[in-house]
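Asker: Got a structure here, written out as structure tokens. Questions coming.
The values are calculated or read from the model by the stated rules, or taken from the named source; none is laboratory data. All of these numbers come straight from a predicted model, not from anything done at the bench. Neighbour counts are summed over all protein chains in view; Cβ atoms, including those assigned to glycine, are modelled from backbone coordinates with ideal geometry. When the accessible area is computed, the model is the full protein with side chains, heavy atoms only, and any ligands, DNA or RNA have been set aside. Shrake-Rupley method; radii C 1.70, N 1.55, O 1.52, S 1.80 Å.
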Amino acid sequence: MKEVFEIVKAVEEVRSQNPLVVSWTNFVTINFVANAQLAVGGRAAMCFLPDEANPITYLAKAVYINMGTLQPIAAESIPQAAKSAVEFNKPWTLDPVAAGLGDTRNCIIKELKRCPPNIIRGNASEVIALANLWNLQTSQKGKVEGVDSTNTVDEAFQSAAELVKFTGGAVAVSGETDLILGNKKAYHITGGSKMLKSITGAGCSLGGVIAVFSAVTDSLTAALTGSLVYKWASQKAQKSAAGTASFQNDFIDNLSLISVDELSEYAQKHLREVNIQ
Amino acid sequence: MKEVFEIVKAVEEVRSQNPLVVSWTNFVTINFVANAQLAVGGRAAMCFLPDEANPITYLAKAVYINMGTLQPIAAESIPQAAKSAVEFNKPWTLDPVAAGLGDTRNCIIKELKRCPPNIIRGNASEVIALANLWNLQTSQKGKVEGVDSTNTVDEAFQSAAELVKFTGGAVAVSGETDLILGNKKAYHITGGSKMLKSITGAGCSLGGVIAVFSAVTDSLTAALTGSLVYKWASQKAQKSAAGTASFQNDFIDNLSLISVDELSEYAQKHLREVNIQ
Amino acid sequence: MKEVFEIVKAVEEVRSQNPLVVSWTNFVTINFVANAQLAVGGRAAMCFLPDEANPITYLAKAVYINMGTLQPIAAESIPQAAKSAVEFNKPWTLDPVAAGLGDTRNCIIKELKRCPPNIIRGNASEVIALANLWNLQTSQKGKVEGVDSTNTVDEAFQSAAELVKFTGGAVAVSGETDLILGNKKAYHITGGSKMLKSITGAGCSLGGVIAVFSAVTDSLTAALTGSLVYKWASQKAQKSAAGTASFQNDFIDNLSLISVDELSEYAQKHLREVNIQ
């Protein structure tokens, strides 16, 4: 598969370039996001103030915005961060955490429609909610339960397709099986571990890692690379872990020790193109 | 002991129901709180904005408010979170971290008297300070030293009793021996590990875990269950841990692997009713 | 070496006194900072609000201010925290994270010149940027790249010397080899591990640990002790660690298990006075 070649190349490029990614992300998992980004070979900077957006985006190779645990200043800084990304032409990844919950969050998300992301990563309910907040669909309804999804990945297919059409980029819907959509292409990634749901930040840090890969490759490949690496690293960690904390440690250890041979083999088995008419 | 039966039932109910708990908590230990809540089988959502209080409390089964590392918006959001909990009739747990320190914190704590918590969990000095801030006693003085207690657990007995009388719920005073008070009942829990004082967040995450149990049982049982589980998991972790970081990992691993048989046996040995005339 | 004797004494004093240190620090690594401070034997309290500065500084033995991930309130609280430290005569340590990035940060840093720190800990680019922001030099230019240095440690020598002259305290420039300057004295510390760059917060937590040591010894010895302990603990962790997460765990475990014999031996080999004319 040509995709596997591109994925391996992205993993290797990040390791040799150590791209700096600036993240605007939540307080619960900010440490996990940074350590996951560092583990795969990126460099991490985290910001909250609007006046930092321009100088740091100028220095960074990619931007990550995650909508969890907002503070009041986010109403100003997150739209500014997206604007800077677009103006400086740096690829940016959005994780619409808990989309639909609270007026502040929903206002900010609506505003982001004017500076759309290159990549969107969320669970099924968040992807559906985002497409609704951006008025890209009328039929599909979803329901976010806090940070958890009440929808299956495939229920978000149409919403994801609308988002791809609108942004021109890629959408990664994470779940038991991941669904990744790019322009006229769609993929399933199977495998992974259910233990990812027993630690906080699996989704947030995946978004951050996809942003790292977006610094060295196109949006679809970045979304595929991050998602595949997460399935591989979590499946491997589940075998060695006792409980949830050692699972998280083994998982990050695996991210820092990716074997491209193992990853290629894993991709052959778990990455499948989905037929879209 | 009938209590042990109720405790085991709470552990099992959380594992089967996976109740969603919304937490308003501090930045130092927010990740630990979430991971501890997930480890015992709950689901975690963390918030900071007042406009999120109503929609998330509606979805959640219980609420946790922790007074550490306040930001200015807390003056608005924490009273709102308590109000939502009371209005939606969701049990809520308060950790009065550093009660007495700073005007902002003390004002918020005083305001919480109008929407009292079902469960209070703190160290001895915090429990004494809380009873003073709520004018529930006149004789007892305590002194919080940052987040550390300068009082023994039993020095907080009278304050805890006043708080139980006022709230109608339960109070858990954590220390070398824990003191748990409910309506006309009091318990000591011995055992545990001194290493819990060598990692940050043992108290905060215990509050968060008690909140998880409060979603499936009464206040006193929730306070007993969380406290007992912490004594058991920490004592076990101390045996396997090298230093403080591996202690924390082993501790969380143990939370995610609770054996109800081991826990029952542990309870027989370490849980004692205290005679109160 | 007389210095080694003082370093060992500082390690032992912290373990017996358990000094309380208040930190004003960033959200990414706040948990790591607290756990590192606890691991070496200190006690940790973290604050963000201006009205907490006076009461907590009064209780604390030392203060740590770290300029990462500022929120708007920092413009008020950080200068207040420095002012309290100076007024209550508590030694304080500054980590000028990302100095030069953003107006809010630069304004605060400039304001701190009026209440100068006893100890400064940063990477080379941050130390150069700080000396520039305080107008202590005209010739040297540096460039911070997010939180990463683009300068070598020795390129910051002159800037560090100007800062020592201005503050009358000590400066620790962290890098592959550390450079520590005090009044008329300078030292190199070699060894350590490159893996410290693969986890977030090595620098931040070192600043926090130096602040702990400043509670029991003079500024130069505190800077030397923290830096040496970090080189020792990281070199040892690298030998036992698989990937980056287990490296961080082993590193903190080592901090909690410092052998003064091992540390003394390590110092003989890795601590060298630098000749300054």
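Asker: Can you confirm whether C:V86 is in a helix (DSSP H, G or I) and open to solvent by 50 Å² or more (accessible area, probe 1.4 Å)?
Answerer: Details: in a helix (DSSP H, G or I): yes; open to solvent by 50 Å² or more (accessible area, probe 1.4 Å): yes.
Judged against the criteria, C:V86 is a match.
Asker: Taking only pairs six or more apart or across chains, which ones have beta-carbon atoms under 8 Å, a first residue in region A:102-126 that is within 13 Å of another protein chain (Cβ to nearest Cβ), and a second residue that is basic (K, R)?
Answerer: Short answer, once both residue conditions are applied: A:S125/A:K143.
Asker: Further question: Can you find a residue that is within 14 Å of another protein chain (Cβ to nearest Cβ), open to solvent by 20 Å² or more (accessible area, probe 1.4 Å) and closer than 17 Å to C:N132 by Cα anywhere in region C:148-156? Working first, answer last.
Answerer: First, pick out the residues of region C:148-156 that are within 14 Å of another protein chain (Cβ to nearest Cβ): C:148-150.
So of that shortlist, the ones also open to solvent by 20 Å² or more (accessible area, probe 1.4 Å) come out as C:148-150.
From what is left, the residues that are closer than 17 Å to C:N132 by Cα are C:149-150.
Checked against the condition, which is being within 14 Å of another protein chain (Cβ to nearest Cβ), open to solvent by 20 Å² or more (accessible area, probe 1.4 Å) and closer than 17 Å to C:N132 by Cα, region C:148-156 yields at least one hit.
Asker: Output yes when any residue across region C:162-178 is more than 18 Å from C:G226 (Cα to Cα) and hydrophobic (A, V, I, L, M, F, W, C), and no when none is. Please lay out each step first, then the result.
Answerer: Quick first cut of region C:162-178, residues more than 18 Å from C:G226 (Cα to Cα) only: C:162-163, C:165-168.
From what's left, hydrophobic (A, V, I, L, M, F, W, C): C:163, C:166.
Yes, because at least one residue in region C:162-178 is more than 18 Å from C:G226 (Cα to Cα) and hydrophobic (A, V, I, L, M, F, W, C).
Asker: Of all residues in region A:100-127, count the ones that are charged (D, E, K, R), more than 18 Å from the chain's Cα centre (by Cα) and not in a helix (DSSP H, G or I).
Answerer: 1
Asker: Would you check which residues across region B:138-174 are in contact with a helix residue (DSSP H, G or I) (Cβ under 9 Å, 6 or more places away or on another chain) and of a type in the set (D, E, K, R) and list them?
Answerer: Once the filter is applied, which keeps residues that are in contact with a helix residue (DSSP H, G or I) (Cβ under 9 Å, 6 or more places away or on another chain) and of a type in the set (D, E, K, R), region B:138-174 yields B:K141, B:K143, B:E145, B:D148, B:D154, B:E155, B:E162.
Asker: Residue check: is A:K2 modelled with pLDDT under 95 and either out of contact with any helix residue (DSSP H, G or I) (no Cβ under 7 Å at 6 or more places or on another chain) or within 21 Å of C:N26 (Cβ to Cβ) (or both)?
Answerer: Details: modelled with pLDDT under 95: yes; either out of contact with any helix residue (DSSP H, G or I) (no Cβ under 7 Å at 6 or more places or on another chain) or within 21 Å of C:N26 (Cβ to Cβ) (or both): yes.
Spelling it out, A:K2 is indeed modelled with pLDDT under 95 and either out of contact with any helix residue (DSSP H, G or I) (no Cβ under 7 Å at 6 or more places or on another chain) or within 21 Å of C:N26 (Cβ to Cβ) (or both).
Asker: Would you mind stating whether B:A75 is outside any helix (DSSP H, G or I), open to solvent by 10 Å² or more (accessible area, probe 1.4 Å) and not polar (S, T, N, Q)? Outline the logic, then answer.
Answerer: On the way: outside any helix (DSSP H, G or I): no; open to solvent by 10 Å² or more (accessible area, probe 1.4 Å): yes; not polar (S, T, N, Q): yes.
When the stated conditions are applied, B:A75 does not pass them.
Asker: How about region C:228-265: which of its residues are more than 12 Å from every other protein chain (Cβ to nearest Cβ), under 20 Å from C:R121 (Cβ atoms) and not hydrophobic (A, V, I, L, M, F, W, C)?
Answerer: Hits for region C:228-265 are C:Y230, C:K231, C:S234, C:Q235.
Asker: Also, quick follow-up: For region B:69-79, give me each residue that is of a type in the set (A, V, I, L, M, F, W, C) and more than 7 Å from chain A (Cβ to nearest Cβ). If you could, list the steps in order and put the result at the bottom.
Answerer: Initial filter on region B:69-79 (of a type in the set (A, V, I, L, M, F, W, C)): B:70, B:73-75, B:78.
Once the filter is applied, which keeps residues that are of a type in the set (A, V, I, L, M, F, W, C) and more than 7 Å from chain A (Cβ to nearest Cβ), region B:69-79 yields B:L70, B:A74, B:A75, B:I78.
Asker: Test A:V86 against the stated conditions and say whether it is more than 14 Å from chain C (Cβ to nearest Cβ), out of contact with any helix residue (DSSP H, G or I) (no Cβ under 6 Å at 6 or more places or on another chain) and not charged (D, E, K, R).
Answerer: Working: more than 14 Å from chain C (Cβ to nearest Cβ): yes; out of contact with any helix residue (DSSP H, G or I) (no Cβ under 6 Å at 6 or more places or on another chain): yes; not charged (D, E, K, R): yes.
Answer is yes for this residue.
Asker: For region A:228-276, enumerate the residues that are crowded, with 16+ Cβ neighbours inside 10 Å, assigned to a loop (DSSP other than H, G, I, E, B), aliphatic (A, V, I, L, M) and modelled with pLDDT of 95 or more.
Answerer: Passing the criteria: only A:I258.
Asker: Out of B:V28, B:V97, which single residue is at the interface with another protein chain (Cβ under 7 Å from one of its Cβ atoms), open to solvent by 10 Å² or more (accessible area, probe 1.4 Å) and either free of Cβ contacts under 8 Å to residues at least 24 places away in the same chain or outside any helix (DSSP H, G or I) (or both)? Write out each step before concluding.
Answerer: Details: B:V97 fails: at the interface with another protein chain (Cβ under 7 Å from one of its Cβ atoms).
Result of the check over B:V28, B:V97: B:V28.
Asker: OK, next. Can you name the condition, by its number, that B:N135 falls short on among (1) out of contact with any helix residue (DSSP H, G or I) (no Cβ under 8 Å at 6 or more places or on another chain); (2) outside any helix (DSSP H, G or I); (3) within 18 Å of B:A202 (Cβ to Cβ)?
Answerer: If we test B:N135 against (1) out of contact with any helix residue (DSSP H, G or I) (no Cβ under 8 Å at 6 or more places or on another chain); (2) outside any helix (DSSP H, G or I); (3) within 18 Å of B:A202 (Cβ to Cβ), just (3) comes out false.
Asker: Please identify the pairs in which a residue from region C:203-220 that is surrounded by 24 or more Cβ atoms within 10 Å (Cβ to Cβ) has its Cβ atom under 6 Å from the Cβ atom of a residue that is basic (K, R), counting only partners at least 6 apart or on another chain.
Answerer: C:G207/C:R121; C:I210/C:R121
Asker: A further question on this structure: Looking at the structure I just gave you, is B:T69 assigned to a loop (DSSP other than H, G, I, E, B) and among the hydroxyl-bearing types (S, T, Y)?
Answerer: On the way: assigned to a loop (DSSP other than H, G, I, E, B): yes; among the hydroxyl-bearing types (S, T, Y): yes.
For B:T69, the condition - assigned to a loop (DSSP other than H, G, I, E, B) and among the hydroxyl-bearing types (S, T, Y) - is met.
Asker: Mind checking whether some residue in region C:208-218 is more than 26 Å from C:A98 (Cα to Cα), modelled with pLDDT of 95 or more, of a type in the set (D, E, K, R) and not in a helix (DSSP H, G or I)?
Answerer: Yes, there is a match, as at least one residue in region C:208-218 is more than 26 Å from C:A98 (Cα to Cα), modelled with pLDDT of 95 or more, of a type in the set (D, E, K, R) and not in a helix (DSSP H, G or I).
Asker: Could you look through region C:32-68, keep only residues that are facing chain B (nearest Cβ under 10 Å), buried (at least 24 other Cβ atoms within 10 Å of the Cβ) and among the polar types (S, T, N, Q), and pick out the one that is nearest to C:F88 (Cα to Cα)?
Answerer: The selected residue is C:Q37.
Asker: Okay, next question. Just to verify a result, which residue in region C:5-23, among those that are more than 10 Å from chain B (Cβ to nearest Cβ) and either of a type in the set (D, E, K, R) or touching a strand residue (DSSP E or B) at 6+ places or on another chain (Cβ under 7 Å) (or both), is least open to solvent (accessible area, probe 1.4 Å)? Reasoning before the result, please.
Answerer: Within region C:5-23, the subset more than 10 Å from chain B (Cβ to nearest Cβ) is C:5-17, C:19.
In the following step, the residues that additionally are either of a type in the set (D, E, K, R) or touching a strand residue (DSSP E or B) at 6+ places or on another chain (Cβ under 7 Å) (or both) were identified as C:6, C:9, C:12-13, C:15, C:19.
On the way: C:E6: 46, C:K9: 100, C:E12: 91, C:E13: 60, C:R15: 97, C:P19: 5 Å².
Of everything passing the filter in region C:5-23, C:P19 is least open to solvent (accessible area, probe 1.4 Å).
Asker: Report, by residue number, each residue of region A:184-198 that is open to solvent by 10 Å² or more (accessible area, probe 1.4 Å) and either away from every other protein chain (no Cβ under 14 Å) or part of a loop (DSSP other than H, G, I, E, B) (or both). Walk me through it before giving the result.
Answerer: Just the residues of region A:184-198 that are open to solvent by 10 Å² or more (accessible area, probe 1.4 Å), to begin with: A:184-185, A:188, A:190-198.
Selection gives A:K184, A:K185, A:H188, A:T190, A:G191, A:G192, A:S193.
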